[in-house]
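Structure record follows, encoded as structure tokens.
The values are calculated or read from the model by the stated rules, or taken from the named source; none is laboratory data. Small disclaimer: the values here were computed from a predicted structure and weren't measured. Cβ sites come from the backbone with ideal geometry, for glycine too, and all protein chains shown count toward neighbours. The protein model used for the area step is the full one, side chains on, heavy atoms only, and it has no ligands, DNA or RNA in it. Shrake-Rupley method; radii C 1.70, N 1.55, O 1.52, S 1.80 Å.
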Amino acid sequence: MCGITGHINFSSENKLDQITLNAMISSMEHRGPDDDGSYIHSDCQIGMRRLSIIDALNGAQPISSDDNQVVIVMNGEIFNYQELKDILHIDGESFNTNSDTEVLLKLYIKYGKQCIEMIDGMFAFCIIDHRSKSAWLARDRSGIKPLYYTILDQSIIFGSTLDSIIKSNIIQPRISQDSIDLYLVLSYVPTPKTIYDDIYKLEPGHEININLKEININKYWD
């Protein structure tokens, strides 16, 4: 399954230390028992738990670009990554791993956010781009892979699970009465709500764009 989590704070003084980030990552151990990794910067603190399937030996995350300016964590699988990797090879790109996550990283560096139109898969990912002081989170078109988030003071905390967000200690979870009412009527809590106030599910086919000035949530596919 894998799981990703983190905090992005381009315009906020909030920052997670390694101990807190480790707690967020460890809360997802059931999603990724094989490996874990983290990346800490003044603008972001991200991490993941990994269930090793593709390139089990060398596919550890987060993965950084050759110049360390772009960093990615991803939960999921890009089904057509070999085909896309062949295209990038023809254009002269080289790879350090055999993972689909690195293919997505290289696609983003070459094509920007248009690369999402090229990929076929089930995914939730976060890309940090220090070149433009921006971040990009996205969820697959069908919503197979989960991605939760909360926005506080121009910073965003995200994760594959609700627990990973709560472990940040930046937000104090409060049960949502609206969500309870909806659950009693529908037997589930509809997206984008969760059982907690102020923590939301990113809807399928949606993305979050973050920069120094704003956080925008958009639909990239219908």
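Can you give the Kirkwood hydrodynamic radius of segment 113-162 from its Cα pairs, in Å with one decimal? With all distinct Cα pairs of segment 113-162 included, I get 12.2 Å. With a 10 Å cut-off between alpha carbons and a GNM built on the chain, which of LEU212, LEU104, LEU16 moves the most? Top of the fluctuation ranking is LEU212. Spin-label model, SER142 to GLU203: label points 7 Å out along the Cα-to-beta-carbon direction sit 2.0 nm apart. Distance between the 7 Å Cα→Cβ label points at GLU13 and SER187: 5.0 nm. If a/c stays under 1.5 just call it rounded; otherwise compare a/b with b/c (prolate if a/b is bigger, oblate if not). Do that for segment 1-114, with a ≥ b ≥ c from the square roots of the Cα gyration tensor eigenvalues. Oblate, because a/c is 1.5 or more while a/b does not exceed b/c. Fraction of C-alpha pairs exceeding 19 angstrom in segment 75-154: 39 percent, rounded to a whole number.
Beyond 19 Å, how much of the Cα-Cα pair distribution for segment 94-222 remains, as a whole percent?
On the way: 4496 of 8256 pairs.
It works out to 54 percent of all Cα pairs.
So with the 1.4 Å probe, I'd like the accessible area per residue for the chain, rounded to whole Å². Show your work: numbers first, answer last.
Working: 10340 Å² over 222 residues.
Dividing the accessible area of the chain by its residue count gives 47 Å².
Working value for segment 39-102: equivalent-ellipsoid semi-axes of 21, 16, 9 Å, each the square root of 5 times a Cα gyration tensor eigenvalue, largest first. According to the square roots a ≥ b ≥ c of the eigenvalues of the Cα gyration tensor, what is the shape class of the chain, taking rounded for a/c under 1.5, prolate for a/b larger than b/c otherwise, and oblate for the remainder? Since a/c reaches 1.5 and a/b is larger than b/c, the shape of the chain is classed as prolate. Accessible surface of segment 9-122, 1.4 Å probe: 44 percent of it comes from carbon and sulfur atoms.
Less than 5 angstrom separates the built amide H of SER176 from those of TYR196, ASP197, all sequence-distant by 5 or more or on a different chain.
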